[in-house]
Amino acid sequence: MTTANPESRQVAAPPVRAAHGPATWYAALRDALDRPLTAYYLLLGASALLLTIGLIMVLSASSVYSFQENAGDSYAVVKRQLMWVALGLPCAWVASRLPQRWIRRLAWPGYFVSLVLLLLTAFLGVERNGNQNWLGVGPVIIQPAEIAKLALILWAAHVYAHKDRRLGSLHQVMMPVVPGLLLATGLVVFGHDLGTALVLFAILLGMLWVVGAPARFFVLCISLVSVGAIFLASTSSERLARITNFADPFKDFHDTGWQPAHGLYALSTGGWFGQGIGASQQKWGDLPEAHTDFIFAVLGEELGLIGTLLVIALFLTIAYAALRVARETKDPFVRYATFGVVVWLLGQMIINVGMVLALMPVIGIPLPLVSYGGSSLVPTLVALGLVIGFARREPEAARALAQRKRARSAGLSAGRVTGRSL
C-alpha cells in the first residue's frame, strides 16, 4: 500500500474576486466618460431632465397666481409654457441638424436683427417692474434681449472663427466684437435692464477669455463696468435700495427686502427633502414672481436641498459636456460658440441662484429651462440644440452613431428574415 507524497499534493488556489473600491469605480467612471457619445447623451439627458423639472415646478409655483389672474384656471400659465415647449423643441431639433455653413450665414443677419429689436425695445418697449425690456406686437409680447443673447454669441463666434489665425493681435481681438457687444449691452442698459446687461457682459468676457485676450484687458473692463453699474444704480432709488439691502433683506422686510426674505423663508422650510410637490406655502401670494425669477425658491421649498443640488448638478453636467465638445473640436467656430453658450447658461444660473440665496441683488434674471417664459425658453432650447448638434457631429461620435444605426438596421433585417422563415 503506497501513500501519496504530501508535497506532491496541489493546493487549489483561492477564487479570484473582482476588485471593488474607489479606484475601480473611478476607472469605470473614466471609461464611461471617455466614450465618444458621452457628451452627446449628457447634454441630451441633462437638458431633458431640467426641462421636465421646470414644467413640474411652473405648474406648482404658478397654480395660485394662475387661479387668481385667469378666472379660476389654475393651469393657464403651465399651458402657455407647454405651448412654448411645443414650439421650442422642434426648433431645437432643426438647430441640431442645421449645417454649420447655414448657421454661420445667419450670424450677421441675426446680429443686425437683434440690434433692431433692442433699439425698438429701448424706445417703444413695454415697461414692467421698472425695466423697459419687453416688446409687444398685438397680443404677443417678447423679450428681445433673450433672443439677442444667442444671436450675439453666434455672431462673435463667427467673427472670431473667420480670423482665428490673427487673434494674436489685440486689435483683431477687439474689432468688431467688443464694440458690437458693447453697443447691444448699451441698448439693454438704456432700458434699465441691468440683469440682462450683466449676462451680456459675462458673455463678452467669456468670448474674450476663450480667444486669449490679455489679463490686463479683463481688469480694465471689470473696473469700468463696476463703476458704470454703480452709477446707473444710483440713478434709481428702488434699484439702489435693492443693491444696498440684498445682504440683509430683513432690514427692509416690508419694502425692498420682501421678495428675497420670502425666498429665504421658502428655502429654509424645505429641509433636506422638501415639503412635497405642490405643498409650497410661499407661492400663496407672499413670494412675488414665484414661477419666474424666484422659481428656485419654490423648488427648494418643495423638493428640499436634494432637489436644488440636483438642478445645480444638471447645469454643471451641461457645462461639463459642452466644454468637452469645445475642447476636443478642431473647428474654431464650434469651440467659440459652444463656450459662449456655456458662459450664458451657467452664468445666468449662478446669478439667479445667488439672487434667491440673497448673495446678489434682485435683478430679475430667470433660471434657464426652469423658469416660466417663452422668450427665455425657446432661445435656450435652440442654443442647446446647436451644442447637441456639434456633439453628435464630432468625428468619433458620428462614427459611433453610424455604427449603431447600421447594427440596428441589420438586427431589424435579421428579424424580418427569421419571421418569414418561420
Given charges at Cβ of Lys, Arg, Asp, Glu: the range 261-366 dipole, positive-most of 341, 303, 353 = 341
Provide 408, 104 in ascending order of the number of other Cβ atoms located within 10 Å of each residue's Cβ, fewest first.
-> 408, 104
Proxy reagent accessibility, fewest Cβ within 10 Å first, across 293, 34, 73, 331 | 34, 73, 331, 293
In whole Å, largest first, what are the principal axis extents of the Cα atoms in the range 37-391?
-> 57, 47, 42
In debye to the nearest 20, the charge dipole size for the chain, taken about the Cα centre with +1 at each Lys and Arg Cβ and -1 at each Asp and Glu Cβ, equals 2380 debye
Using alpha carbons only, how many degrees (0 to 90, rounded to 10) separate the axis of helix 194-210 from the longest principal axis of the chain?
-> 50 degrees
Helix 395-421: inclination vs the chain longest Cα principal axis, degrees, rounded to 10, gives 60 degrees
For n ≥ 4 DSSP H runs only, could you compute -39500 (n - 2.57) per run for the chain, divide by its residues and tell me the 222 nm figure to the nearest 500?
-> -23500 deg cm²/dmol
List the lysines whose Cα lies under 19 Å from the Cα of residue 330, skipping any in the same chain that are fewer than 8 positions away.
-> 163
Out of the range 137-233, which trypsin sites (Lys or Arg not before Pro) are coil in DSSP terms and have no more than 16 other C-beta atoms within 10 Å?
-> 163
Relative exposure of 329, 196, judged by other C-beta atoms within 10 Å (fewest first) = 329, 196
Of every Cα-Cα pair in the range 286-334, the percent that sits beyond 16 Å = 56 percent
How many angstrom separate the Cα center of the range 65-135 from the Cα center of the range 255-280?
-> 28 Å
Cross-link partners of residue 283 among lysines (Cα-Cα below 20 Å; sequence separation of 8 or more within a chain) = 79
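Coordinate-derived values only; no laboratory data. Keep in mind the model is a prediction, meaning the values are calculated, not measured. In this analysis, Cβ positions are derived from the backbone assuming ideal geometry, glycine residues included, and neighbour counts consider all displayed protein chains.
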